[in-house]
Amino acid sequence: MRVRKRILLPILLLAALLLASVIAWTRSRTSTVVIYNQSGAQTPPFIVGVCGQTQLFNPIPEESSVRFRIPRTGGSGTPIRVEFLSNPPWQWVGGFVEPNAGNRVTLRVWPNQQVEIHHQVSFWQQLFGEGPSVSD
């Protein structure tokens, strides 16, 4: 009985590690856009458009954020477009993201309609993927 435990436990642990690695690799290809509101006030409703996909977001309070996962079936890489439905409306366009490259693009909205952008590529995509595919 002890021999079974000594063999079975390592096999189960190895199988769990392999399964976790496969799940991590699969999810590492998903690209996301995260928008942080650091403007000092609640945002108006806004639209995010990237890779042929658009999504309308409700207003978000100051010091909050929203996340937009880009479907892998999205179009080819495009600049990111954020349009605030305020009076007067304003739009920001910048950055570049591919839907299947494991990109995480962080946008920080500051006062006076300034937007700061940061790009990251998932660890697995850096290790085994085609390399970074983002630019300013």
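The values are calculated or read from the model by the stated rules, or taken from the named source; none is laboratory data. Owing to the predicted nature of the structure, the values given are computational and were not obtained by experimental measurement. Cβ: placed from backbone, ideal geometry, glycine included. Neighbour counts: every protein chain shown.
Candidates 54, 78: the one that is buried (at least 17 other Cβ atoms within 10 Å of the Cβ) and more than 18 Å from residue 114 (Cα to Cα) is 78. Of all residues in region 71-125, exactly one satisfies the criterion of being charged (D, E, K, R), in contact with a Gly (Cβ under 6 Å, 6 or more places away or on another chain) and within 12 Å of residue 32 (Cα to Cα), namely 98.
If you check 86, 122, 133 for being closer than 17 Å to residue 24 by Cα, of a type in the set (Gly, Ala, Ser) and either at pLDDT below 90 or out of contact with any strand residue (DSSP E or B) (no Cβ under 8 Å at 6 or more places or on another chain) (or both), only one passes: 122. Residues of region 57-70 that are closer than 13 Å to residue 32 by Cα and surrounded by 18 or more Cβ atoms within 10 Å (Cβ to Cβ): 68, 70.
Selection of region 38-51 for residues being part of a loop (DSSP other than H, G, I, E, B) and surrounded by 13 or more Cβ atoms within 10 Å (Cβ to Cβ) yields 38, 39, 43, 44, 45, 51.
Taking first residues from region 19-40 that are more than 14 Å from residue 100 (Cβ to Cβ) and in contact (Cβ under 8 Å) with a residue 60 or more places away in the chain and partners that are of a type in the set (D, E, K, R) and part of a loop (DSSP other than H, G, I, E, B), the Cβ contacts under 7 Å between residues at least 6 apart in sequence or on separate chains come to 37/62; 37/63; 38/63; 39/62; 40/62.
When residue 97 is tested against the conditions (1) surrounded by 13 or more Cβ atoms within 10 Å (Cβ to Cβ); (2) modelled with pLDDT of 85 or more; (3) of a type outside the set (Lys, Arg); (4) out of contact with any helix residue (DSSP H, G or I) (no Cβ under 6 Å at 6 or more places or on another chain), the lone failure is (2). If only residues of region 100-115 that are part of a helix (DSSP H, G or I) and touching a residue at least 12 places away in the same chain (Cβ under 8 Å) are counted, the one that is surrounded by the fewest Cβ atoms within 10 Å (Cβ to Cβ) is 111.
One line per residue, one yes/no per condition, for (1) aromatic (Phe, Trp, Tyr); (2) over 30 Å from residue 108 (Cβ atoms); (3) in a strand (DSSP E or B):
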residue	(1), (2), (3)
5	no, yes, no
14	no, yes, no
19	no, yes, no
26	no, no, no
32	no, no, yes
35	no, no, yes
55	no, no, yes
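Determine whether residue 50 is within 27 Å of residue 110 (Cα to Cα), in contact with a Gly (Cβ under 9 Å, 6 or more places away or on another chain), β-branched (Val, Ile, Thr) and at pLDDT 85 or above.
Working: within 27 Å of residue 110 (Cα to Cα): yes; in contact with a Gly (Cβ under 9 Å, 6 or more places away or on another chain): yes; β-branched (Val, Ile, Thr): yes; at pLDDT 85 or above: yes.
In short, yes.
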